[in-house]
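All remarks here apply to the structure that follows.
The values are calculated or read from the model by the stated rules, or taken from the named source; none is laboratory data. None of the values given here were measured: they were computed from a predicted structure. Every residue, glycine among them, receives a Cβ derived from its backbone with ideal geometry; neighbour counts consider all protein chains shown. SASA here: full protein model, heavy atoms, side chains in, ligands and nucleic acids out. Shrake-Rupley method; radii C 1.70, N 1.55, O 1.52, S 1.80 Å.
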Amino acid sequence: MCSRTRSRARSGRPRSAEADTAILEATRAALVELGWSKLTMGDVATRAGVAKTTLYRRWANKNELVVDAVAVLFDELELPDLGSLQADIAHVVLQFAALLERPETKTALMAVVAESTRDEPLRERIRTSIVDRQKRLVLEGRQRAQERGELPGERDPLAVEAIDDLIFDVVAGAVVHRALVSAEPVDEAWVQSLTALLLGGLSAAAEQAGQPG
């Protein structure tokens, strides 16, 4: 076997973005229709029109597949520059709430969170694939607010990182609880109240982080 042939055999076929998209869409559709317990890799493969071996080359198990199917949805979130930190936060909160209203998001998120309570590797995958990736929104918002002069510059990177984590936890926790647990509307009035509360605490925390040690 020549070296070029050996190289092709070792690397395998290149991954298809179209196949990945079809698989993740099929996973979300199956979750809505079947629920977590009845969802199988074979069912997803059939719906996506791919071989089951194709799924297993990409995802080791159902847990990994479902988390990635959810993560793609959360990657749709954006933080537009609307001229003020308050407007930026309100917009992304409403966008997040609208995402949670979609049956595929709601079903998939509730399923993986419930399953993760007894599966530490799944919990870690949720953390890295969804939570850590979406913290970019907090970082973008804080940096933009600093450029506008709405927030002071940071002096202590560790303190600022802790604040970013807290902001994410407050926003994500509040919206998820409101939309999925309490089943109350995430409307303009509620979002404005949450934003005002968050900005008051954020300003105080940012000033504290900006103080010399």
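Using a Förster radius of 41 Å, what is the FRET efficiency between residue 117 and residue 87 based on their Cβ-Cβ separation? Nearest 0.05, please.
With R0 = 41 Å, the Cβ-Cβ based efficiency is 0.65.
Size of the dipole of the chain about the Cα centre, Lys and Arg at +1 and Asp and Glu at -1 on the beta carbon, nothing else charged, in debye to 20?
Once rounded to the nearest 20, the dipole reads 1600 debye.
Which whole-number value in Å³ per residue fits the convex hull of the alpha carbons of region 59-153?
Convex hull volume per residue, Cα atoms: 103 Å³.
Let me know the shape class of region 153-198, please: from the alpha-carbon gyration tensor, a ≥ b ≥ c as square roots of the eigenvalues, rounded when a/c is under 1.5, otherwise prolate if a/b is greater than b/c, or oblate.
Oblate is the answer for region 153-198, as a/c is 1.5 or above yet b/c matches or exceeds a/b.
Take the alpha carbon atoms of region 129-175, find their center, do the same for region 65-123, and report the distance between the two centers in whole angstrom.
Each part's Cα centre sits 16 Å from the other's.
How far, in degrees from 0 to 90, does helix 62-74 lean away from the longest principal axis of the Cα atoms of the chain, to the nearest 10?
So the inclination is approximately 40 degrees.
Straight-line reach only, C-alpha to C-alpha below 25 angstrom: list the lysines that residue 38 could link to, leaving out same-chain residues fewer than 8 apart.
Output for residue 38: 52, 62, 106.
Tilt of helix 103-116 relative to the longest C-alpha principal axis of the chain, in degrees (0 to 90, nearest 10)?
90 degrees
Could you work out the local net charge near residue 186, counting Lys and Arg as +1, Asp and Glu as -1, over the other residues with Cβ closer than 14 Å to its Cβ?
Net charge around residue 186: -1.
For the chain, with all protein chains present and a 1.4 Å probe, just round the carbon and sulfur fraction of the accessible area to a whole percent.
54 percent
From the alpha carbon gyration tensor of the chain, can you work out the equivalent ellipsoid semi-axes (sqrt of 5 times each eigenvalue) and give them in Å, largest to smallest?
So the three semi-axes of the chain are 38, 23, 15 Å.
Let's test the formula: R0 of 30 Å, r as the Cβ-Cβ distance of residue 76 and residue 156. What FRET efficiency results, to the nearest 0.05?
FRET efficiency, residue 76 to residue 156: 0.35.
With point charges of +1 on the Cβ of Lys and Arg and -1 on the Cβ of Asp and Glu, referenced to the Cα centre of the chain, which listed residue (172, 72, 153) lies farthest in the positive direction of the dipole?
Of the listed residues, the answer is 72.
In Å², what does the accessible area per residue of region 9-116 work out to with a 1.4 Å probe?
So region 9-116 comes to 49 Å² accessible per residue, rounded to a whole number.
Under a Cβ-Cβ cut-off of 11 Å, what is the net charge of the residues other than residue 96 that fall near it, where Lys and Arg count +1 and Asp and Glu count -1?
That sum, taken over residues with Cβ under 11 Å, equals -2.
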